[in-house]
Amino acid sequence: MENRFEKKQLVKKSENFSQWYVEVVLRSELADYAPVKGCQVFRPYGFAIWENIKDILDREIKKAGVKNAYFPLFIPEKFLKKEKEHIEGFSPELAVVAFGGGKELKEKLVVRPTSETIIYEMYSKWIKSWRDLPLKINQWANVVRWEKRPRLFLRTTEFLWQEGHTCHSNYQEALEEAKRALKMYVDFYREYLAIDGVFGKKSPAEKFPGAEDTYTYEMLMPDGKALQGCTSHNLAQNFSKPFNIRFLDKEGKERFVWQTSWGITTRCIGAVVMVHGDDQGLIFPPKIAPIQIIIIPILDGKNDKVLIDKAEEIKEKLTNFRVEIDKRREYSPGWKFNQWELKGVPVRLEIGPREVKEKKVTLARRDNFQKIEIPLSLLSQKIKETLDSIQKHLFEKSSQFLKKATREVFDYASFKKIMEGERGFVRAFWCGNPECEEKIKRETKATIRVLPDKTPEEKGRCIYCQKPAKKRWLFAQAY
Ligand SMILES: [Zn+2]
């Protein structure tokens, strides 16, 4: 079959980042555009990463005593209206169902943009006493938020995620749960996706509609724009009051529960693509790579059986890894090298007649293109070392970039100049006035991304209005 991309070189990441991103996602077969604008198809290779991500996080979520459940896709419109900020925040992006079974519905149904309202309606029935608390439920689901400027993985009208929803008998416990979830995401990004970032709290204007506080992990993409990696909300009693989620405490007094919700979406795959990829294509961190090792027997038409047998034998020995063999005869070894580099497989093993004779393989690293020869007797150990080293190397590169692209700025002229040029994170004093935040956004397209955790109080002046300010926040243009 003719490959529609075969003849054309991949656009260079350094030359046209946004086009590179689209090409690499399509050509590596992670995803494709769906017939409905704003929607995307997760192809098997892209869905396999999501499955790996799900496995890792699902384990962590269960470890924290949270159980999985599933709630319906449709939510009565009136539920969303119960929390004023919530409906105001979401109404521009809602998909609404007005007809069902051939009839106009008496009450319109919203396709869930998030599930607080439907889950909390149920919680109000299930929770009666302090003995029912804490209640901690998670669901893996799809949600719909109508997207006017869609981008594969990063902004899609329908996306996949998990959403955790917990209820507690007191404020402190809920706050700790919101922070636990945040830490889970931070560790996940750093340890598995190998992307460094900054975690902390959102400004009131940027928080989740209806939350008391929103915590987040913000990362920088190679074009200097920030990407929000997850959110964890301390909802306080903002939902339990309108949804009437009450419990009798140990003294027999009726109280409203304290709540959290937290989520991570398929956009984290977009972050992996952007952060680690290069001019040749994707580079997957080994811990989430759908295929960690691709074995390529260098078929020549003469020794094919011996080479394929050897490849099979090696694969059998690598049971601890995700391994595939490319046995196709219709493609040349060089074509295959390019293809698997494009697909970001961390390690390639080459086996030719010489390797068979000398009882070794040639190993090529995707991250730095280094090639080494390994005696078969040491294969498993060397592969483990190499994958660990790639994982570490990718994180270090991401860390270095984050440091380099974060700047301390004390005057607005410099702030503007940075946002017109290289962008990145700018750390600057802000007085807390939403008007300054709004004007900065209008004039530079930069928003407040996060107040980094443990930011000390200092004496300074607001980057915009020059009035006294106590804390320095991180600003950036964002995806
Ligand atoms: Zn100000």
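The values are calculated or read from the model by the stated rules, or taken from the named source; none is laboratory data. None of these values were measured; they are calculated from a predicted model. We place every Cβ from the backbone using ideal geometry, glycine too, and count neighbours over all the protein chains shown.
Put simply, of V409, V347 the only residue that is within 16 Å of the ligand (Cβ to nearest atom), out of contact with any His (no Cβ under 6 Å at 6 or more places or on another chain) and within 30 Å of G224 (Cα to Cα) is V409. For V41, the requirement of being among the β-branched types (V, I, T), part of a loop (DSSP other than H, G, I, E, B) and either at pLDDT 95 or above or not assigned by TED's automatic domain parsing to the domain that holds F337 (or both) is not met.
Residue-wise test of (1) touching a residue at least 40 places away in the same chain (Cβ under 8 Å); (2) crowded, with 24+ Cβ neighbours inside 10 Å.
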residue	(1), (2)
R190	yes, no
A194	yes, yes
K202	yes, no
E212	no, no
E218	yes, no
C230	yes, yes
N244	yes, no
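Restricting attention to the range 126-163 and to residues that are among the acidic types (D, E) and within 25 Å of A178 (Cβ to Cβ), the residue that is surrounded by the most Cβ atoms within 10 Å (Cβ to Cβ) turns out to be E163.
Listed by position, the strands (runs of 3 or more DSSP E) contained in the range 425-479 that have at least 1 residues being within 9 Å of the ligand (Cβ to nearest atom) and either out of contact with any strand residue (DSSP E or B) (no Cβ under 8 Å at 6 or more places or on another chain) or over 21 Å from K404 (Cα atoms) (or both) are 425-430. Condition check for L299 on (1) among the aliphatic types (A, V, I, L, M); (2) farther than 26 Å from I390 by Cα; (3) in contact with a strand residue (DSSP E or B) (Cβ under 6 Å, 6 or more places away or on another chain): one failure, at (3).
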